[in-house]
């Protein structure tokens with residue numbers, strides 16, 4: 001039973017916690033937090049949000065995401081009101097050793113995903129709602145608190161479209177329409193009907209309310225329980241800084257904490273505070289968690305002499321995995337017939353979600369699925385992951401376990417032209433902390449690395465090639481994260497050539513051309529770019545005159561820079577052959593030659609290096 005008497009007292013307590021914690025911190029966003037107090041009080045303590053607070057990871061807890069992560073003082077305050085944080089703990093806000101960071105992170109146990117870069121929380125919530133409705137088939141609901149400023153972000157509208165497409169009646173968004181952004185009024189100010197019309201046009205149920213009226217708010221959440229076959233958006237008209245006269249609706253207070261004197265004045269206005277009351281969160285339905293045996297083993301059945309694109313091998317491999325492991329799900333950005341992710345749509349359709357041309361939302365959705373225990377493999381052309389880099393960047397702060405698969409990488413894709421060429425992707429994913437970066441060169445190595453990626457906990461990027469290439473390995477060959485393969489070597493190697501993907505095949509052709517001329521080179525398949533096989537690189541650096549790294553990627557941030565970083569303390573020479581000219585349409589062989597990363601360019605560079613490095617020449 002809901003304690004309605006305390007429910008009307010809790011907003012004052014929560015405002016008190018917001019004010020004292022931000023004043024103590026001398027920073028934070030009190031006004032952005034004060035505007036949503038009634039919304040969150042009613043949700044958490046009005047019987048609508050159901051969770052076992054003593055078990056934040058319980059599989060049937062409702063989920064709450066603060067997309068407006070700067071309102072973290074409110075986020076922490078509601079858990080203070082629930083008895084999970086003391087006032088003294090709340091006063092550690094933003095301190096170095098406190099889990100109560102300036103924007104929510106996983107250090108605070110009730111955080112569903114790290115937020116703070118605006119426009120991302122709804123996508124994360126979408127992933128959690130997809131998981132509940134279509135995968136785990138659980139009744140939990142996902143609530144997302146949004147700010148009106150962030151509704152200008154395109155990623156929100158990507159999420160709104162896809163949520164309606166999947167009829168996610170377990171997803172409830174709440175727009176805290178407080179009119180003021182960081183520097184002044186938002187795009188629509190207090191025109192709450194403008195939001196209702198726009199969101200409603202995408203197929204959502206909408207309701208406009210007074211966000212400070214507990215009865216209005218309660219009625220909105222009651223309605224949300226009844227809506228079927230569509231998500232719901234509550235658009236709440238609120239006042240920034242609500243409850244404090246000199247803050248309420250005033251510009252110039254965004255992200256500003258009050259002085260001690262201002263805080264005392266504010267506290268005198270909010271009313272009598274009872275720090276002894278505890279808000280009660282309703283328990284969820286207790287449902288036994290399904291335990292299933294999962295396997296991650298791929299058997300490749302390619303034949304000697306066959307030409308297979310690594311993107312095709314990815315499709316073959318992931319189709320095998322989804323049959324064995326129901327926790328593996330595949331998302332694709334409407335290019336599944338090119339990435340070959342459509343193999344999953346054909347074989348295990350319940351584990352495939354079409355995300356359409358909306359890559360930012362796809363990454364955010366994958367994060368939501370990852371946070372609920374799924375292993376999402378998400379695919380598109382390598383070039384198009386760049387537009388989702390903020391979502392990729394933010395995922396690293398949420399203990400994410402996402403496998404990114406970028407196809408059509410490099411100038412070697414050919415006639416489609418420069419707009420379709422992923423030439424920055426390795427650099428981008430190398431910057432993400434602890435993200436593994438893999439670049440297989442044939443179908444067998446692709447299969448093994450997809451298998452290894454599924455077993456590895458953490459973010460992984462797999463770069464695949466458009467063109468069909470020769471088989472270099474067999475199903476018995478082993479590939480490990482952090483490894484490499486030495487394909488050609490002798491005691492008389494003058495230079496080591498390092499390739500990956502398409503350029504490894506060019507390096508092997510160059511090996512044959514040079515061998516005919518009596519020049520021996522070592523050839524390394526550097527399939528794991530991060531982590532990198534430093535031991536093998538050191539050995540090659542010590543045993544040959546120089547290393548030549550050949551890559552179908554821009555030189556900045558690519559494979560050569562990874563090699564140079566690994567050998568930073570060594571005196572050996574490292575040369576780069578990379579994409580340095582403005583790419584254009586053409587046949588793959590024409591473009592490899594144009595960029596001087598083909599076999600002939602490698603032969604030429606080896607001869608130059610031998611003359612430079614060998615004093616006997």
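The values are calculated or read from the model by the stated rules, or taken from the named source; none is laboratory data. Keep in mind it's a predicted model, so treat the numbers as computed, not measured. Backbone-built Cβ (ideal geometry, glycine too); neighbour counts: all protein chains shown.
Could you pull out the residue among 34, 10, 39 that is within 22 Å of residue 211 (Cβ to Cβ) and more than 32 Å from the chain's Cα centre (by Cα)? I'd like the intermediate steps shown before the answer.
On the way: 34 fails: more than 32 Å from the chain's Cα centre (by Cα); 39 fails: more than 32 Å from the chain's Cα centre (by Cα).
Being within 22 Å of residue 211 (Cβ to Cβ) and more than 32 Å from the chain's Cα centre (by Cα) holds for just one of 34, 10, 39, which is 10.
Being surrounded by 19 or more Cβ atoms within 10 Å (Cβ to Cβ), assigned by TED's automatic domain parsing to the domain that holds residue 218 and in contact with a strand residue (DSSP E or B) (Cβ under 9 Å, 6 or more places away or on another chain), is that true of even one residue in the range 84-104?
yes
How do the pairs read when you match residues in the range 251-266 that are in contact (Cβ under 8 Å) with a residue 12 or more places away in the chain with residues anywhere that are surrounded by fewer than 19 Cβ atoms within 10 Å (Cβ to Cβ), using Cβ under 6 Å and keeping only pairs 6 or more apart or on different chains?
What qualifies is 251/184; 254/182; 257/26; 257/27.
Identify all residues within the range 75-97 that are within 18 Å of residue 27 (Cβ to Cβ) and more than 25 Å from the chain's Cα centre (by Cα); write none if there are none. Even if it seems obvious, please write down each step before you answer.
Quick first cut of the range 75-97, residues within 18 Å of residue 27 (Cβ to Cβ) only: 75-77, 89-97.
Listed by number, the residues that qualify are 77, 89, 90, 91, 92, 93, 95, 96, 97.
Take the range 187-237 and flag every residue that is assigned to a loop (DSSP other than H, G, I, E, B), surrounded by fewer than 23 Cβ atoms within 10 Å (Cβ to Cβ) and in contact (Cβ under 8 Å) with a residue 60 or more places away in the chain.
Those that are assigned to a loop (DSSP other than H, G, I, E, B), surrounded by fewer than 23 Cβ atoms within 10 Å (Cβ to Cβ) and in contact (Cβ under 8 Å) with a residue 60 or more places away in the chain: 212, 213, 229, 230.
Here's a check for you: in the range 277-314, which residue that is out of contact with any strand residue (DSSP E or B) (no Cβ under 9 Å at 6 or more places or on another chain) and modelled with pLDDT of 95 or more is surrounded by the most Cβ atoms within 10 Å (Cβ to Cβ)?
Looking at residues that are out of contact with any strand residue (DSSP E or B) (no Cβ under 9 Å at 6 or more places or on another chain) and modelled with pLDDT of 95 or more, I get 313.
Out of the range 359-376, which residues are out of contact with any strand residue (DSSP E or B) (no Cβ under 7 Å at 6 or more places or on another chain) and closer than 12 Å to residue 163 by Cα?
361
State yes or no: is residue 160 part of a strand (DSSP E or B) and either in the same structural domain as residue 51 (by TED's automatic domain parsing) or surrounded by 19 or more Cβ atoms within 10 Å (Cβ to Cβ) (or both)?
no
Given the residues 509, 451, 467, which is the only one that is in contact (Cβ under 8 Å) with a residue 12 or more places away in the chain, touching a strand residue (DSSP E or B) at 6+ places or on another chain (Cβ under 8 Å) and surrounded by fewer than 22 Cβ atoms within 10 Å (Cβ to Cβ)?
Details: 509 fails: touching a strand residue (DSSP E or B) at 6+ places or on another chain (Cβ under 8 Å); 451 fails: touching a strand residue (DSSP E or B) at 6+ places or on another chain (Cβ under 8 Å).
After ruling out the rest, the residue left standing is 467.
Can you work out which of the residues in the range 528-563 that are part of a strand (DSSP E or B) and within 24 Å of residue 611 (Cα to Cα) is farthest from the chain's Cα centre (by Cα)?
Taking the range 528-563 as the starting set, the residues that turn out to be part of a strand (DSSP E or B) are 528-530, 546-554.
Still in the running and within 24 Å of residue 611 (Cα to Cα): 546-551.
Numbers: 546: 38, 547: 34, 548: 33, 549: 30, 550: 29, 551: 26 Å.
The residue in question is 546.
Has the range 399-418 got at least one residue that is over 24 Å from residue 307 (Cα atoms), within 16 Å of the chain's Cα centre (by Cα) and part of a helix (DSSP H, G or I)?
No - not one qualifying residue is present in the range 399-418.
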